[in-house]
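First up is the structure itself, then whatever we jot down about it.
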Amino acid sequence: MRFEGTAAYVADKDLMVAVNAAIALERPLLVKGEPGTGKTELARQVAEALGLDLIEWNVKSTTRAQQGLYEYDAVSRLRDSQLGDERFNDIGNYIKRGKLWDAFAADKKVVLLIDEIDKADIEFPNDLLQELDRMEFFVYETGETIRAAQRPIVIITSNNEKELPDAFLRRCFFHYIRFPDMETLQKIVDVHYPGIKQNLVRAALTQFYEIREVSGLKKKPSTSEALDWIRLLVADDISPEDLRTDPKNALPKLHGALLKNEQDVHLFERLAFMARRQQ
Amino acid sequence: MFLPFFLELKAAKIPVSLREYLSLLEGLESGLVDYDVEGFYYLARSALVKDERHIDRFDQVFSHVFKGLEALSGDAGIDIANLPEDWLRKLAEKHLTDEEKKLVEALGGFDKLMETLRERLEEQKARHQGGSKWIGTAGTSPFGAYGYNPEGVRIGQHESRHRRAVKVWDKREFRNFDDTVELGTRNIKVALKRLRRWVREGADEEFDLPGTIHATAEHGYLDVRTRPERRNAVKLLMFFDVGGSMDDHIRSVEELFSAARAEFRHMEYFYFHNCLYEGVWKDNRRRLSETLPTFDVLNKYGPDYKVVFVGDASMSPYEIAMPGGSVEHWNNEAGATWLARVLAQWPQAIWLNPTPQKHWGYTHSIGMVRDIFAGRMYPLTLAGLEAATKELSRRH
């Protein structure tokens with residue numbers, strides 16, 4: 001079972017080595033990188049390339065580790081017992097499976113994506129140590145142990161909002177998705193929009209990297225934003241010549257796809273103002 | 001067989017453990033990468049490094065340990081005629097990292113090193129190879145190329161001689177990420193966790209089991225009770241010194257600020273410069289037009305707030321002790337008066353100082369502020385932060 005990238009996803013060699021190591025040694029793979037560099041997409045593509053099902057667990061700030069295993073609905077059981085419902089005799093009726101349980105119980109190998117693990121509470125990763133390490137957990141209510149018949153491929157993404165505990169990191173393989181260079185980005189654009197006008201792409205990407213290099217941006221535009229922007233440029237049928245920026249008007253065409261907060265737009269307007277003053 | 005590599009990683013302060021080393025060996029055994037140096041590099045990086053900040057240091061160690069991968073080639077393009085000029089040019093180009101700077105200091109400082117180099121250049125007129133004093137190649141003198149003196153100054157060697165074998169790691173693309181910060185925000189958050197006081201407030205969202213049992217027993221039917229979630233009710237006021245000498249500490253202060261913001265719901269912050277006077281501000285860009293009177297702040301926030309001052313307290317003693325001592329404006333009352341008012345309003349106040357504690361004795365004003373705060377000044381390190389939170393949480 002080897003991951004070699006897919007038709008819709010350009011994977012560098014270092015990414016492939018990391019994914020394959022995680023698959024072969026059955027360890028979780030922790031993926032970090034700037035927002036919009038395709039961390040979540042990686043899990044989807046690995047699942048597709050290997051022909052496996054994907055189970056997604058999207059972590060929020062209120063998510064607790066236990067919810068990934070199971071939840072015991074004591075209130076329903078109490079209510080059913082009051083109403084004389086026969087179901088309440090079996091405690092298993094009130095145990096709701098979490099995503100980890102689903103992944104462990106699947107009869108085929110699956111890809112489990114734990115998305116944005118850094119969103120949760122600071123102790124969240126610690127609570128999952130044993131479960132991810134041994135791929136088993138104990139259900140106190142029923143006294144059974146859930147063990148993964150087929151160890152799932154676990155891919156964990158993080159946006160670096162919180163640092164993860166060392167004990168957790170030790171159990172993972174790690175990969176940092178770097179922002180692609182121009183050549184790779186060109187390949188990515190080609191994969192997404194085959195048959196696009198090459199001179200437009202070149203002009204757009206050149207300008208895109210110039211924008212990324214402006215210092216003081218609050219949020220640098222990333223791969224997914226570049227793709228959106230190029231799609232808009234194509235949709236509006238803008239020619240490469242139109243893209244050439246006049247220093248007096250520093251805001252790029254259709255900048256809404258690239259600059260996502262008003263401070264950044266102001267920054268560009270200020271730069272344009274300064275350019276006008278110099279003349 | 002990779003143990004020396006592992007030990008060097010440890011020595012370079014990359015947090016690797018035996019567990020990670022074993023998983024690297026396991027990965028090699030399972031034949032993930034056979035006869036492929038680049039693949040081996042990627043596998044080792046993925047297995048041993050868990051934080052992008054460490055990748056640059058990892059690359060350096062990797063290139064250092066595996067530099068024997070390609071045999072040494074003798075004629076690496078040194079043009080004898082151009083040597084001295086070239087040497088000096090390369091020297092000027094050399095970027096010194098922090099470790100290297102320390103090494104230079106060990107040799108008596110950069111200037112001393114350059115001086116010695118100049119002397120030796122004058123003494124020596126011919127190309128030299130081997131040996132331990134002269135400038136040449138493959139020797140152990142601190143000057144020259146292809147040598148093994150780690151304190152050496154590389155001269156006339158255009159690129160790493162191992163470039164062909166060792167390519168990816170010598171690019172060191174992760175350079176930006178490497179920062180040897182003492183405090184990560186996780187550590188700060190854990191330290192700040194001490195400052196917690198749990199109170200139930202807000203919407204009833206949590207199932208209250210004892211309450212439900214009690215109500216059910218009382219009413220004779222199932223009466224589900226809920227209660228608000230527990231929240232951290234500590235209230236915190238932070239005053240940050242900005243500008244001037246504080247510019248050296250921006251990073252650690254920023255980290256403290258972001259960790260505190262994430263950890264406390266009731267947190268307010270204000271800025272001041274050097275010492276607290278009659279005005280503070282919330283936005284550094286509009287500090288001159290939008291100052292808030294310190295009296296308003298004193299009146300607005302009750303004595304249950306805990307107060308943290310962050311500043312290096314390094315200034316002229318007049319700025320604390322005398323009316324009109326401020327460097328920026330005319331202050332009618334001395335800084336010490338304002339600090340005394342703060343302490344009267346908020347008894348639970350401490351001062352965090354990013355200056356290393358061992359230097360405190362050299363600055364008179366630090367001692368003065370420390371006295372005003374009755375000794376409650378702590379260094380901005382993990383240990384200091386812990387002591388500070390302990391002090392702050394002594395009284396609720």
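The values are calculated or read from the model by the stated rules, or taken from the named source; none is laboratory data. Only a predicted model underlies this, so the values are computations on that prediction, with no experimental measurement involved. All Cβ positions, glycine included, derive from the backbone under ideal geometry; neighbour counts span all protein chains shown. Accessible surface is based on the protein model in full, side chains and every heavy atom, while ligands, DNA and RNA are left aside. Shrake-Rupley method; radii C 1.70, N 1.55, O 1.52, S 1.80 Å.
Please determine whether any residue of region A:177-190 is farther than 28 Å from B:Tyr41 by Cβ, more than 10 Å from chain B (Cβ to nearest Cβ) and touching a Lys or Arg at 6+ places or on another chain (Cβ under 9 Å).
No, because not a single residue in region A:177-190 is farther than 28 Å from B:Tyr41 by Cβ, more than 10 Å from chain B (Cβ to nearest Cβ) and touching a Lys or Arg at 6+ places or on another chain (Cβ under 9 Å).
Could you please find all residues in region B:296-325 being among the aliphatic types (A, V, I, L, M) and either in contact with a Cys (Cβ under 9 Å, 6 or more places away or on another chain) or in a loop (DSSP other than H, G, I, E, B) (or both)? Explain how you work it out, then say what you get.
As a first pass, look at region B:296-325 and keep what is among the aliphatic types (A, V, I, L, M): B:297-298, B:307-308, B:310, B:313, B:315, B:320-322.
Of everything in region B:296-325, those that are among the aliphatic types (A, V, I, L, M) and either in contact with a Cys (Cβ under 9 Å, 6 or more places away or on another chain) or in a loop (DSSP other than H, G, I, E, B) (or both) turn out to be B:Ala313, B:Met315, B:Ile320, B:Met322.
Within region A:115-207, considering only strands (runs of 3 or more DSSP E) that don't extend past its boundaries, which have at least 2 residues that are closer than 25 Å to A:Lys220 by Cβ and among the aliphatic types (A, V, I, L, M)?
Values: elements: A:136-139, A:144-147, A:153-158, A:173-177.
In region A:115-207, the matching strands (runs of 3 or more DSSP E) lie at A:153-158.
Would you confirm whether or not region A:222-242 contains a residue that is outside any helix (DSSP H, G or I), open to solvent by 50 Å² or more (accessible area, probe 1.4 Å) and not acidic (Asp, Glu)?
Within region A:222-242, the first condition is being outside any helix (DSSP H, G or I), and the residues that meet it are A:222, A:236-239.
Restricting the remaining residues to those that are open to solvent by 50 Å² or more (accessible area, probe 1.4 Å) gives A:236-237.
With not acidic (Asp, Glu) added as a condition, the list becomes none.
For region A:222-242, residues outside any helix (DSSP H, G or I), open to solvent by 50 Å² or more (accessible area, probe 1.4 Å) and not acidic (Asp, Glu): absent.
Would you check if A:Thr62 is more than 27 Å from A:Ala49 (Cα to Cα), open to solvent by 60 Å² or more (accessible area, probe 1.4 Å) and under 27 Å from the mean Cα position of the chain (by Cα)? Reasoning before the result, please.
Numbers: more than 27 Å from A:Ala49 (Cα to Cα): yes; open to solvent by 60 Å² or more (accessible area, probe 1.4 Å): yes; under 27 Å from the mean Cα position of the chain (by Cα): yes.
Yes.
Please specify each residue of region A:80-105 satisfying the condition of being open to solvent by 20 Å² or more (accessible area, probe 1.4 Å) and part of a loop (DSSP other than H, G, I, E, B).
Residues satisfying the conditions are A:Gly84, A:Asp85, A:Asp90.
Anything in region B:263-299 that is open to solvent by 20 Å² or more (accessible area, probe 1.4 Å) and in contact with an Asp or Glu (Cβ under 9 Å, 6 or more places away or on another chain)? List them, or say none.
Within region B:263-299, B:Tyr271, B:His273, B:Glu278, B:Lys282, B:Asp283, B:Glu290, B:Thr291, B:Pro293, B:Phe295 qualify.
Please tell me if A:Asn126 is at pLDDT below 90, in contact with a Pro (Cβ under 7 Å, 6 or more places away or on another chain) and either under 21 Å from A:Asp53 (Cβ atoms) or within 14 Å of chain B (Cβ to nearest Cβ) (or both). It would help to see each step written out before you state the result.
Details: at pLDDT below 90: yes; in contact with a Pro (Cβ under 7 Å, 6 or more places away or on another chain): yes; either under 21 Å from A:Asp53 (Cβ atoms) or within 14 Å of chain B (Cβ to nearest Cβ) (or both): yes.
Criteria met by A:Asn126.
Answer yes or no: is there a residue in region B:326-338 that is surrounded by 13 or more Cβ atoms within 10 Å (Cβ to Cβ), touching a Cys at 6+ places or on another chain (Cβ under 8 Å) and not in a helix (DSSP H, G or I).
Yes, that holds for at least one residue.
Go through (1) within 23 Å of the chain's Cα centre (by Cα); (2) open to solvent by 80 Å² or more (accessible area, probe 1.4 Å); (3) closer than 27 Å to B:Leu298 by Cβ; (4) not hydrophobic (A, V, I, L, M, F, W, C) for B:Arg394 and report which single condition fails.
(1)
Need the failing condition index for A:Pro35 against (1) out of contact with any Lys or Arg (no Cβ under 7 Å at 6 or more places or on another chain); (2) at pLDDT 85 or above; (3) away from chain B (no Cβ under 14 Å); (4) open to solvent by 10 Å² or more (accessible area, probe 1.4 Å), just the number.
(2)
Can you tell me which condition A:Arg147 does not meet? The list is (1) charged (D, E, K, R); (2) within 14 Å of another protein chain (Cβ to nearest Cβ); (3) open to solvent by 50 Å² or more (accessible area, probe 1.4 Å), and all the others hold.
The single condition A:Arg147 does not satisfy is (2).
Listed residues A:Ala21, A:Ala120; which is under 26 Å from B:Leu209 (Cα atoms), open to solvent by less than 10 Å² (accessible area, probe 1.4 Å) and touching a residue at least 24 places away in the same chain (Cβ under 8 Å)?
The unique qualifying residue is A:Ala120.
Which residues, counting only those in region A:2-17, are in contact (Cβ under 8 Å) with a residue 24 or more places away in the chain and either surrounded by fewer than 15 Cβ atoms within 10 Å (Cβ to Cβ) or assigned to a strand (DSSP E or B) (or both)?
Of everything in region A:2-17, those that are in contact (Cβ under 8 Å) with a residue 24 or more places away in the chain and either surrounded by fewer than 15 Cβ atoms within 10 Å (Cβ to Cβ) or assigned to a strand (DSSP E or B) (or both) turn out to be A:Glu4, A:Thr6, A:Ala7, A:Ala8, A:Tyr9.
With the requirement that a residue be part of a helix (DSSP H, G or I), small (Gly, Ala, Ser) and within 23 Å of A:Phe168 (Cα to Cα), what does region B:1-56 give you?
If we filter region B:1-56 for residues that are part of a helix (DSSP H, G or I), which is where we start, we get B:3-11, B:18-29, B:37-48, B:52-56.
Subsequent filtering for residues that are small (Gly, Ala, Ser) retains B:11, B:23, B:27, B:39, B:44, B:46-47.
B:Ala11, B:Ser23, B:Gly27, B:Ala44, B:Ser46, B:Ala47, listed by residue number.
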